Amino acid sequence: MSVAWSEKLSCLVAGTFSGLLLISSFPAWGKSYLAWIALIPLLWLLRKAQTMSCFYTGFWTGAVFFCGLLYWLSDTMMRFGGIPPILSRFLLLILCLYLGSYFGVFSILLKHIYHRVNLPFCIVAPTLWVALEFARSHILTGFPWGLLGYSQAGVLNMIQLADITGIYGISFLIVLLNAGITDLAGLYIDSIYKRDASLKLVKEAVALGLILILVAVYGNWRIGSKAFGPDPGKGLDVSIIQGNISQEIKRDLANSYDIIDEHGTASLRMINEPDRLIVWPETACTATVLAGEGAGFHFLSEWARQIGSHLLLGCTRYDMERQGLFNSAVFLSNTGDLKGFYDKIHLVPFGEYFPFMYIGKILGDPGSFLSGNDFKIFNLNGNPFGVIICFEAIFPDLCRRFVRNGAGFLVNLTNDAWYGRTAAPYQHFDMARIRSVENRIWLVRSANTGISAFVDPAGRVVKRGGIFEKLALDGIVITNHEKSFYTISGDVFAWLCLFISALWCAFAIIRLIKGESGYV
């Protein structure tokens, strides 16, 4: 076998192995510890591979990972979009190839910077990784699904760093360890032949260990601290109704009022508690609602009066002024009066704002949804809160803006019935869960078919339900008025990584033009 074919085979094996390990670290496999070693096969190959082999290996790693992570999208497109099986799989493949290209760019840039800027992997790789995750979160409206840090959502002492760096700091830490182990392995081999490599090996191992210890100590301290401040005050009673309405039933608008009745009946167990907030999920009301008028609104209003508690739910709202539909949350008082609407700001591409796509058809919209522009803060008895709808929960900066604007806790309304019994509802829940840690606030999550839950400011799941079951969860939420560093400063850590990576790339290009080759 020629050297070229031998290297191609090595690239294929390394990329496949890393991709599979990454998949296994996320739900449904959920082996989060595998993320800490998943990139080692890829990084080890990048040390010696040719430049273009580096790109293809990274690209293949990303494609394998995203195909395994997002496999459920194909079935969703077939079942609810009416897209033929072959076309749905083709569209999934195109998306995964696009997302995989970020891994390819990471690999080729890492190769150039490593050889031309004379820096070890453990410095370059995590910085560059975060820069590209941050770019993926914003380019083409952004798709930050499956950022590496989300694999650790259940590892509480490691995710506490997110209140400083956001989710990107957790990704940084994971890649740091992967790259550090790769560096140490290389230094160990070099130490057999070079005396000075032994000293480098010890120094890097000690530095890596200290960083991990400090992060774990900080995490344990934050978990054990008073997350709500010294004077939390009285908690707010909140109830979540998980209706478990199948998407086939929801898509038939003739069932709209029956669905409301089902949620209303489930809410009567908390009847006449005027200080309680009852939360129904996204599009619990599929009948089009006008602001303060029309049959849909009055039907909801009557249920709020009958229940006697404040009611927050997702609905399809028509705005007379803007002449369009919104995916909204409506807030009603215990007397049935309108307290306000929140219109979803970040819509799902190809699903909510492209004409004639499947979500628009299901909700009876001949065109598309319009995007809201107001980070609305509601208030119940001195407890301010913000609402994020479905897809919005995966955008860190969008969620923190509600908290920065005064929200003391967040409510996430969602409908994950689209995805069936796949890994998607679990992936979605883990991403929403990190928003609590970033902003040090409670999260109330009401999902039509699950996962509904109460999550505290340390990311602990206080109460949760399963998927595809009817249930009601009661909890107490403490409003937090203290803002985390991340809430105040935003993605400064990610921006810093992007800036440093740009400088390294510029320096590497300059050295390339001058014919200087660094290590090579």
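Rule-based calculations on the coordinates, nothing more; no lab input. Predicted, not measured: the structure shown is a model, and the values here were computed from it. Methodologically, a virtual Cβ is constructed for each residue, glycine included, from the backbone with ideal geometry; neighbour enumeration extends over all protein chains shown.
Taking 0.36 nm per residue of separation and subtracting the Cα-Cα distance, full extension of the segment from Tyr33 to Glu321 would add 98.5 nm.
Shape of region 236-481 from the C-alpha gyration tensor: rounded (a/c under 1.5, with a ≥ b ≥ c the square roots of its eigenvalues).
Looking only at the chain, where both bridge partners belong to it, what percent of the DSSP beta bridges are antiparallel (to the nearest 5)? So the antiparallel bridges amount to about 60 percent of the total.
Distance cut-off 27 Å, Cα to Cα: go down the list Lys376/Lys483; Lys48/Lys514; Lys203/Lys483; Lys111/Lys514; Lys31/Lys483 and report the pairs above it. Check vs 27 Å cut-off fails for Lys203/Lys483; Lys31/Lys483. Computed extension gain for Leu119 through Lys514, at 0.36 nm per residue and net of the alpha carbon distance, reaches 140.3 nm.
For the pair Ile488 and Asp237, label points projected 7 Å from Cα toward Cβ lie 3.6 nm apart. Rounded, prolate or oblate for region 385-501? Axes are the square roots of the Cα gyration tensor eigenvalues, ordered a ≥ b ≥ c, and the cut-off for rounded is a/c under 1.5. Oblate shape, in that a/c is at least 1.5 and b/c is the bigger or equal ratio.
Against the chain, whose longest principal axis comes from its Cα atoms, helix 85-116 is set at around 40 degrees. Per-residue Cβ neighbour counts within 10 Å put Cys285, Cys67 in the sequence Cys67, Cys285, beginning with the fewest. Of the residues Asn373, Ile394, Ile441, the one whose Cα sits farthest toward the positive end of the charge dipole of region 372-448, with +1 on the Cβ of Lys and Arg and -1 on the Cβ of Asp and Glu, is Ile441. Counting only alpha carbon atoms, the long axis of helix 3-24 and the longest principal axis of the chain meet at about 30°.
The angle separating the long axis of helix 121-136 from the principal Cα axis of greatest extent in the chain is about 30 degrees.
Fully extending the segment from Phe350 to Ala502, taken as 0.36 nm per residue of separation minus the present Cα-Cα distance, adds 51.6 nm.
How large is the helix-only mean residue ellipticity at 222 nm for the chain, computed as the sum of -39500 (n - 2.57) over DSSP H runs with n ≥ 4, divided by its residue count, in deg cm²/dmol to the nearest 500? Each step should come with its number before you reach the end.
Values: 18 runs with 259 residues, N = 520.
The per-residue figure over the chain is -16000 deg cm²/dmol.
A simple spin-label model places the labels of Ala185 and Met52 2.6 nm from each other, with each point 7 Å out along Cα-to-Cβ.
In whole Å, what is the distance between the alpha-carbon centres of region 419-464 and region 291-352? A separation of 23 Å, based on Cα centres. The trypsin sites (Lys or Arg not before Pro) of region 435-475 meeting both criteria, a DSSP state outside H, G, I, E and B (loop) and at most 16 other C-beta atoms within 10 angstrom of the site's C-beta, are Arg460, Lys470.
Each peptide in 336-343, 98-105, 405-412 was scored by the mean count of other Cβ atoms within 10 Å over its residues; highest first, the order is 405-412, 98-105, 336-343. In this Cβ point-charge picture (+1 for Lys and Arg, -1 for Asp and Glu), region 236-481 has a dipole of about 640 debye about its Cα centre. Judged by the gyration tensor of its Cα atoms, with axes a ≥ b ≥ c, the chain is prolate; a/c meets the 1.5 cut and a/b is the larger of a/b and b/c.
Calculate, for Leu91 and Leu9, the FRET efficiency according to 1/(1 + (r/R0)^6) with r their C-beta to C-beta distance and R0 41 Å; round to the nearest 0.05. Approximately 0.85, to the nearest 0.05.
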